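The values are calculated or read from the model by the stated rules, or taken from the named source; none is laboratory data. Quick caveat: nothing in here was measured; it's all calculated off a predicted structure. So basically every Cβ, Gly included, is an ideal-geometry build from the backbone, and we count neighbours across all protein chains shown.
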Amino acid sequence: MLKKLFILLIIIVLVCATLLVGVIYLVAEDTPRVARLTTPAESELAEIRNIIEENKPSNVLESNKKQLVLSKAQLNSLLAYGSARVNQRVNAHVRLAKDRFFLNTSITLPDNPVGKFINIQMTVRIQLSKYMAIENLKLGELKVPPAVIIILQPLIIDELNARYGEYVSLWRHLRRIDLVEQNVTVHYRLERADLAEIKNLGRKILVNSETRKKVIAYTQALDDILKQIPTESQSIINVLTPMFIFAQQQTKLSKNAPEENRMALLVLGAYMTGSNPLKYISEEPVKPFKQLSFTLNGRDDLTRHYLISAAINALSGSAWSNAIGLEKELNDADGGSGFSFVDLMADIAGNKLAQTALNKLTATALQDRMITLTDESQIIGRLAGLQEGLSEKEFRLEYGNTNSDEYISVVREIERRLFRCDVYRK
């Protein structure tokens, strides 16, 4: 009798294992349904930043604005922007209909023999003004039965509440969500008394406990480094090298060179903007850093371009970082300091620093190169012959736009010069 039960148990286990393998093969796929992020148009990026700025809680209160209207295109741009900033493995696209939206998501999987992506197709209905109900769900080629969705949905909600309870608190500020084919309108209410709560919730949502510890550690490291540097103008090497020495030391503990490099770049970028990163995670007032002038090729503005662009890349993604640097240069041409290909080279070099620092195949080697820097030519290309101070009119006359052959030719020349820099070599 026991022998028969044992054989039956083995058969059940084998059947379950076979079903599990079958499910995995149905769910994992080799091609994504949602394409990877592409470089946004200048106007698209500016529009996204305007939307974010207009809907900051403090600005909402001043304008007495009570609703946010987004077109389908704007919503997808925001999804791409959020993906680049939060998790570049996830790409999403949404279609709208009356009281429903159709969400396609592609998640890049770690290396495995089964498939490269999980593609999720979901139909969600808005009910009772602002609550969401899943109508259809498909994982790869596996269509989830409606009965299973009914069982899973409350479990999913409970899990989300447990993991992301902060979002539930924010949800109470929503009054209604209106969906039609071309746009979504979010109606909300916000009072001045809510500002402090939202600010604290934002800290909890954006910074987990592990990240908090790293921010504190890297901020303290930079503070110690700055205290040891004389007040006169210094080469950027004098702050880069010790910060990457610290990142290398931390890597020995965490075994995660890309993440340690990311934190070093983010803290350096914050310093270049005059901010102390602790203000984003602390409810207490924070002391400012010692302010010093660090130069690249004798110019402190190039240092700002270089490190801020690297930090933006570390926070979001190369495509968005490139676009932000380009947008800044185009804004300068429109009545500012003028379009500068020298500044643009510093932006692109900062992007390359971040790309090399965050790539798991090159992150450790990048640390070795950064701690042995001896000359700025190792991180920035030759600047001779690159035009600066172009007004908008001059830029349009000579280059037309950023898609012209003339403009692309200069950018390719910048790329060639940076290719010769030791730090960015594969």
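Worth pointing out:
- Flag if ILE126 is crowded, with 16+ Cβ neighbours inside 10 Å and modelled with pLDDT under 80: no
- Within region 276-293, the residues that satisfy the criterion of being farther than 21 Å from ILE229 by Cα and either of a type in the set (S, T, N, Q) or part of a helix (DSSP H, G or I) (or both) are LEU278, LYS279, TYR280, SER282.
- Restricting region 389-415 to residues that are under 30 Å from the mean Cα position of the chain (by Cα) and in a loop (DSSP other than H, G, I, E, B) leaves a set whose member that is surrounded by the most Cβ atoms within 10 Å (Cβ to Cβ) is THR402.
- Within region 365-388, tally of residues that are surrounded by 15 or more Cβ atoms within 10 Å (Cβ to Cβ) and within 17 Å of THR251 (Cα to Cα): 6
- Filter result for the condition that a residue is exposed (fewer than 14 other Cβ atoms within 10 Å of the Cβ), at negative phi and not aromatic (Phe, Trp, Tyr), over LEU253, LEU292, LEU278: LEU253
- Residue match in region 334-341 (condition: closer than 14 Å to TYR306 by Cα, crowded, with 16+ Cβ neighbours inside 10 Å and of a type outside the set (Lys, Arg)): yes
- Of all residues assigned to region 203-218, at least one qualifies as being within 26 Å of the chain's Cα centre (by Cα) and at pLDDT 90 or above.
- Only listed residue being surrounded by fewer than 17 Cβ atoms within 10 Å (Cβ to Cβ) and under 30 Å from ASN313 (Cβ atoms), chosen from PRO145, PRO110: PRO110
- The set of residues in region 401-412 being at pLDDT below 90 and touching a helix residue (DSSP H, G or I) at 6+ places or on another chain (Cβ under 8 Å) consists of ASN401, THR402.
- Taking first residues from region 130-158 that are in the same structural domain as THR108 (by TED's automatic domain parsing) and partners that are of a type in the set (S, T, N, Q) and part of a helix (DSSP H, G or I), the Cβ contacts under 6 Å between residues at least 6 apart in sequence or on separate chains come to ILE134/GLN153.
So that you can scan it fast, the table gives a plain yes or no per residue for (1) outside any helix (DSSP H, G or I); (2) over 22 Å from THR374 (Cβ atoms); (3) in contact with a Ser or Thr (Cβ under 9 Å, 6 or more places away or on another chain):
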position	(1), (2), (3)
PHE244	no, no, no
VAL267	no, yes, yes
GLY274	yes, yes, no
THR295	yes, no, yes
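- If you go through region 94-129 and keep only what is part of a strand (DSSP E or B) and in contact (Cβ under 8 Å) with a residue 60 or more places away in the chain, you end up with LEU96, ALA97, ARG100, PHE101, ASN104, THR105, SER106, THR108, PHE117, ILE118, ASN119, GLN121.
- Taking each residue of region 379-398 that is at positive phi and looking for partners that are surrounded by fewer than 17 Cβ atoms within 10 Å (Cβ to Cβ) with beta-carbon atoms closer than 9 Å, six or more apart or interchain, yields GLY385/GLU413; GLY389/SER337.
- Tally, over region 218-242, of residues that are assigned to a helix (DSSP H, G or I) and more than 19 Å from THR364 (Cα to Cα): 10
- Residue in region 112-119 that is hydrophobic (A, V, I, L, M, F, W, C), more than 26 Å from GLU259 (Cβ to Cβ) and at pLDDT 80 or above present: no
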